[in-house]
Amino acid sequence: MASRTRLSPEQRRAQLLQLGAQLFATQPYEDVHIERVAEMASVSRGLLYHYFPTKRAFFAALLAQAADQLAEATTPKPDVSPREQLLAGVENYLRHCAANRLGVSTIHRGAASGDPEIESILERSTRQHEERILTVLAPGAEPHPLLVLAVRGWLLHLRTVGHEWATTAADVPLDDVRDMCAGALVGALVALPAAAQPSELGSLLAD
């Protein structure tokens, strides 16, 4: 019998999270038994609980990992125009959703969990993307509260569209979804009263 490959603690943790993502992305939270992850990884339950003492801790780690991966995939490029940053950011997000359907489903399920710790992880992720966008739209200025609401609402819209497209409507061309989402943000900004519109709105409207 071939000997089992030994993994470093970091590799083992990553393996367990990868397997767990498959369960949480396809089953309701209450139906998932994380002991199944130990079976899938051919490790003891004690080892699993060493890394993740509870199912809640396991799920929180999954969400945090998915949020970090998303942040890395959508890092903006400051040397291009705001419009180019918007289109590139949305496209990178959609490509990330398509390539990481399990992680996207995990985030989507977490958003509806009602768990304070889970909500905190998602809130930090949303804030990070919100601050990135506002820094581009209103550089060096305190954004108007209505502008903040518009950006935050659009991020929730983008999250929902990304999940639905990646999991149920992947036959819709990426370019069309990208342009729709980018147009939704621009439309929301145009609808703001003049005092709340960002200084870089003209750059977003330019072809």
- Message: Within segment 83-93, does at least one residue satisfy the condition of being free of Cβ contacts under 8 Å to residues at least 60 places away in the same chain, under 19 Å from A182 (Cβ atoms) and among the aromatic types (F, W, Y)?
- Response: no
- When you look at R178, is it at pLDDT 95 or above and basic (K, R), yes or no? yes
- Item | Criterion violated by L87 - all others in (1) more than 27 Å from L204 (Cα to Cα); (2) in the same structural domain as L155 (by TED's automatic domain parsing) satisfied | (1)
- Could you check, for segment 130-140, whether at least one of its residues is in contact with a Ser or Thr (Cβ under 7 Å, 6 or more places away or on another chain) and within 21 Å of A66 (Cβ to Cβ)? no
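Considering each of A141, A196, A191, A150 in turn, give the residue that is farther than 17 Å from N92 by Cα and touching a His at 6+ places or on another chain (Cβ under 6 Å).
Values: A141 fails: touching a His at 6+ places or on another chain (Cβ under 6 Å); A191 fails: touching a His at 6+ places or on another chain (Cβ under 6 Å); A150 fails: touching a His at 6+ places or on another chain (Cβ under 6 Å).
Going through A141, A196, A191, A150 in turn, the sole match is A196.
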- Item | Residues that are in a helix (DSSP H, G or I) and at pLDDT below 85, drawn from segment 72-95 | A73
- Query: If we keep just the residues of segment 13-63 that are outside any helix (DSSP H, G or I) and of a type in the set (S, T, N, Q), which is surrounded by the most Cβ atoms within 10 Å (Cβ to Cβ)?
  - Reply: Q27
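Need a quick list: helices (runs of 4 or more DSSP H) entirely within segment 99-207 having at least 2 residues that are surrounded by fewer than 17 Cβ atoms within 10 Å (Cβ to Cβ) and among the charged types (D, E, K, R). Before the answer, list the steps.
Numbers: elements: 101-111, 116-137, 145-168, 174-190, 201-205.
In segment 99-207, 116-137, 145-168, 174-190 are the helices (runs of 4 or more DSSP H) which contain 2 or more residues that are surrounded by fewer than 17 Cβ atoms within 10 Å (Cβ to Cβ) and among the charged types (D, E, K, R).
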- Query: If you check every pair at least six apart or on different chains, which have Cβ atoms under 7 Å apart with a residue in segment 141-159 that is of a type in the set (V, I, T) first and a residue that is surrounded by 21 or more Cβ atoms within 10 Å (Cβ to Cβ) and at pLDDT below 95 second?
  - Reply: V151/I133
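The values are calculated or read from the model by the stated rules, or taken from the named source; none is laboratory data. Bear in mind that the values here come from a model prediction, so they are computed numbers and not experimental data. Reconstructed Cβ throughout: ideal geometry from the backbone, glycine too, with neighbour counts over all protein chains shown.
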